[in-house]
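Remarks on the structure that follows.
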Amino acid sequence: MTKNTKAHLAGLGANFIFGINYAIIKYVTPSYIQPLAVNVVRVLVSVSLFWSLFLMKPGTAAGIQKKDILRFILCGLTGIALNQVCLIKGLSMTSSFHGAMLSLGTPIFISIFAVWLLKEKMNATRLAGLACGIGGATILIMIRDAGSNTNNIVGDLLALTAAIAYAFYLVLARPLMQSYSALHVTRWVLTIGAIAILPIGWGPFIHTDWQAFHASHWLALGFVAVAGTFLGYLLSVYALSIIGPSATGSYIYTQPVFAAIVSTLFLGDHFTLIKAAATALIFAGVYLVNRKRS
């Protein structure tokens with residue numbers, strides 16, 4: 001198996017993990033553990049594991065340049081703190097399918113921020129893509145499943161905010177990837193995000209009724225912390241270092257597929273025609289805003 005093939009499999013594997021992570025988070029929150037407490041578990045475990053990896057490689061540079069400190073802080077606040085807090089809180093209020101589909105807003109908002117921050121040009125194709133993506137997201141947010149109390153408009157808006165925050169992070173992080181390794185950037189961004197999350201999430205974390213957990217809940221939380229955060233990020237970093245950001249980023253489109261399968265089979269979600277129409281609009285929007293001009 002070639003190095004490129006392994007990298008592509010790593011990219012697909014990371015997004016498979018992220019996709020089913022939506023349903024697994026939904027399984028434990030908010031019934032057994034509050035969203036902010038889940039955030040604390042995720043960042044504590046992932047930061048500990050990433051720094052353990054660093055300690056296993058003596059001689060590796062750990063610091064960041066003074067001129068990049070502010071950018072690293074902004075990346076940690078947007079890519080980890082705001083993204084994770086809004087995503088998990090949103091998932092506790094809406095369906096895992098809605099959360100996964102709205103995450104596809106990330107590539108669309110990357111296009112907007114690239115025009116704003118990186119002075120890239122806006123053209124008719126991008127405008128059409130933005131219209132499709134925003135239209136599909138609006139339909140998805142407005143529709144409710146009959147007899148369900150999990151499709152909350154506030155939850156959908158929080159999931160969309162998480163996608164916007166992550167898009168902002170990816171645009172901010174692009175220059176850092178030219179000066180540091182992807183693993184180095186990820187380690188520091190997670191650390192800064194953890195520092196922001198711990199003060200607001202520590203109260204819900206220590207007040208969690210751990211005795212109410214069954215074996216399945218411990219397994220779910222362990223998956224979210226180890227596989228859904230550390231392993232997912234590690235696979236993404238590996239893919240990023242070999243096949244680059246464009247190829248790695250393209251696998252994000254598989255997340256809603258995996259999330260839809262798991263949530264339909266295990267959480268009783270329903271895939272309707274109107275959801276299919278909204279999904280098609282979002283995919284069309286993502287395709288158009290990322291289509292290269294000839």
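The values are calculated or read from the model by the stated rules, or taken from the named source; none is laboratory data. On a predicted model such as this, the values are computed, not experimentally measured, just so you know. Please note: Cβ atoms are built from the backbone with ideal geometry, for glycine as well, and neighbour counts cover all protein chains shown. Surface accessibility is based on the protein's heavy atoms, side chains included, excluding ligands, DNA and RNA. Shrake-Rupley method; radii C 1.70, N 1.55, O 1.52, S 1.80 Å.
Does segment 144-163 hold any residues that are open to solvent by less than 70 Å² (accessible area, probe 1.4 Å) and modelled with pLDDT under 60, and which are they?
ASP145, SER148, THR150, ASN151
Would you mind stating whether LYS6 is charged (D, E, K, R), open to solvent by less than 50 Å² (accessible area, probe 1.4 Å) and assigned to a helix (DSSP H, G or I)? Break it down stepwise before answering.
Working: charged (D, E, K, R): yes; open to solvent by less than 50 Å² (accessible area, probe 1.4 Å): no; assigned to a helix (DSSP H, G or I): yes.
The answer is no for LYS6.
Note down all Cβ pairs under 7 Å where the first residue falls in segment 201-215 and is within 13 Å of VAL85 (Cβ to Cβ), the second is of a type in the set (S, T, N, Q) and assigned to a helix (DSSP H, G or I), and they're at least six residues apart or on different chains.
Qualifying pairs under 7 Å: GLY201/ASN39.
Just give me the residues in segment 171-200 being in contact with an Asp or Glu (Cβ under 9 Å, 6 or more places away or on another chain) and either polar (S, T, N, Q) or without any contact (Cβ under 8 Å) to a residue 40 or more places away in the chain (or both), in sequence order. Talk me through it step by step, then tell me what you get.
Taking segment 171-200 as the starting set, the residues that turn out to be in contact with an Asp or Glu (Cβ under 9 Å, 6 or more places away or on another chain) are 175-176, 179-180.
Residue satisfying the conditions is SER179 alone.
Within segment 188-238, can you find the residues that are within 16 Å of the chain's Cα centre (by Cα) and either within 19 Å of SER31 (Cα to Cα) or among the acidic types (Asp, Glu) (or both)?
Correct list: PHE223, VAL224, ALA225.
Among the residues in segment 205-222, are any modelled with pLDDT of 85 or more and under 18 Å from SER103 (Cβ atoms)? Give the steps one after another, and end with the answer.
The initial filter retains those residues of segment 205-222 that are modelled with pLDDT of 85 or more, namely 205-222.
Adding the requirement that they be under 18 Å from SER103 (Cβ atoms) leaves none.
Scanning segment 205-222, I find no residue that is modelled with pLDDT of 85 or more and under 18 Å from SER103 (Cβ atoms), so the answer is no.
Could you list all residues from segment 199-231 that are surrounded by 21 or more Cβ atoms within 10 Å (Cβ to Cβ) and in contact with a Phe, Trp or Tyr (Cβ under 6 Å, 6 or more places away or on another chain)?
ALA220
Give ILE33, ILE80, ILE24, ILE73 a once-over and let me know the one that is open to solvent by 50 Å² or more (accessible area, probe 1.4 Å) and at pLDDT 85 or above. Lay out the reasoning, then the answer.
Numbers: ILE33 fails: open to solvent by 50 Å² or more (accessible area, probe 1.4 Å); ILE80 fails: open to solvent by 50 Å² or more (accessible area, probe 1.4 Å); ILE24 fails: open to solvent by 50 Å² or more (accessible area, probe 1.4 Å).
Every option except ILE73 fails the conditions.
Write out, first by first residue and then by second, each pair whose Cβ atoms fall under 6 Å of each other, whose residues are 6+ apart or on separate chains, and whose first residue, in segment 275-287, is part of a helix (DSSP H, G or I) while the second is open to solvent by 40 Å² or more (accessible area, probe 1.4 Å).
Cβ pairs passing all conditions: ALA278/ILE139.
Which residue, of ALA182, ALA196, ALA239, is crowded, with 17+ Cβ neighbours inside 10 Å and at pLDDT 95 or above? Break it down into steps so the answer makes sense when it comes.
Details: ALA182 fails: at pLDDT 95 or above; ALA239 fails: at pLDDT 95 or above.
Result: ALA196 is the single residue among ALA182, ALA196, ALA239 that is crowded, with 17+ Cβ neighbours inside 10 Å and at pLDDT 95 or above.
What's the total number of residues in segment 25-53 that are over 11 Å from GLY201 (Cβ atoms) and in a helix (DSSP H, G or I)?
Looking only at that region, the number is 13.
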